[in-house]
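The values are calculated or read from the model by the stated rules, or taken from the named source; none is laboratory data. Small disclaimer: the values here were computed from a predicted structure and weren't measured. Reconstructed Cβ throughout: ideal geometry from the backbone, glycine too, with neighbour counts over all protein chains shown.
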Amino acid sequence: MYSKSSLEMLDTVARLGSFTAAAQVLNKVPSAISYGVRQVEKELDVVLFYRLPRKVKLTAAGELFITEARTLLRQMEEIKAQTRRAAHGWQSTLKLTLDNVVKLNKLKPLVEDFYREFEFAELQINMEVFNGSWEAIAQERADIVIGATAAVPVGGDFEVRDMGSLDWAFVMSPSHPCVKQQNLNQDLVSQFPAICLDDTSSVLPKRHTGHYPQQRRLLLPNWYSAIECLKNGIGVGYMPRHIAMPLIHDGVLVEKTLPDEKPLSQCCLVWRKDDNHRLIEWMVNYLGSSQQLHQDWLQAY
């Protein structure tokens, strides 16, 4: 309905309170400014400015109009800037998925560094469990996944960087009956529920933390709820060592050893191959080498 130039003209008149002063700034004659204002007022069928002897002043309707006009002008500038950035591969959002097994210590500096580096971009951070992470990258709900576990179960146009192995600790409450047993075995442990995180995938086959074949599982959405169940002696289960160690040190949980070989999860960084998304390239470089990834996101203290 209104051109960018007409909105800028009205904004200038409102700021300077004078057709003559606005004309000087816009390199126009005062009559052209006056005519332009009248045309907008005619379209709106309202008066935007009171004409006083040596100045003009916004009416109540004019105040509202100028407020909205300035919002439109800012939006126009942002649209132009976003379009130019997109043309050069700078998208406005980076979708980052964290597998629930990773440490979160580095999340705060990552977010702070990203927002310091890119004034125009936003991070969208999500958490998935096991194959849910692969599903997120396959369905393009994620641009990057940190900590995807096990073998690649899907095909797609993405790249992978090894993060090393995640170490698991078999834990339980200090009051759990298994604590009193010096040697645990399959028959004994299978009597108690296995505390497992529920795989968030909806299409791919679900995977869960280690448990015996005959052992009933208690499937939970995150480690917070799993820790509460373990603390309260509801069951036993494997937990990433970096999560378990502080709880073991504080006496909240007890680590026991099973005769079986404990599970190891090979983890990796996964990202979509997209030459027109330079935020992905920046983040992958920021996250660093395989060794750095393991130290920052998986390694226990």
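Details
- Residues of the stretch 220-256 that turn out to be surrounded by 15 or more Cβ atoms within 10 Å (Cβ to Cβ), of a type in the set (Phe, Trp, Tyr) and over 11 Å from residue 171 (Cβ atoms), as a count: 1
- All helices (runs of 4 or more DSSP H) inside the stretch 1-88 with 1 or more residues being under 30 Å from residue 279 (Cα atoms) and acidic (Asp, Glu): 60-87
- The lone exception for residue 136 - which of (1) under 25 Å from residue 237 (Cα atoms); (2) in a helix (DSSP H, G or I); (3) under 36 Å from the mean Cα position of the chain (by Cα) it fails: (1)
- Across the stretch 175-184, the number of residues qualifying as surrounded by fewer than 18 Cβ atoms within 10 Å (Cβ to Cβ) and in a loop (DSSP other than H, G, I, E, B) comes to 4.
- Residue 187 surrounded by fewer than 18 Cβ atoms within 10 Å (Cβ to Cβ), farther than 21 Å from residue 280 by Cβ, acidic (Asp, Glu) and at pLDDT 90 or above: yes
- Residue match in the stretch 204-213 (condition: within 18 Å of residue 189 (Cα to Cα) and aromatic (Phe, Trp, Tyr)): yes
- The set of residues in the stretch 119-132 that are out of contact with any helix residue (DSSP H, G or I) (no Cβ under 7 Å at 6 or more places or on another chain) and more than 12 Å from residue 95 (Cα to Cα) comprises 119, 129, 130, 131, 132.
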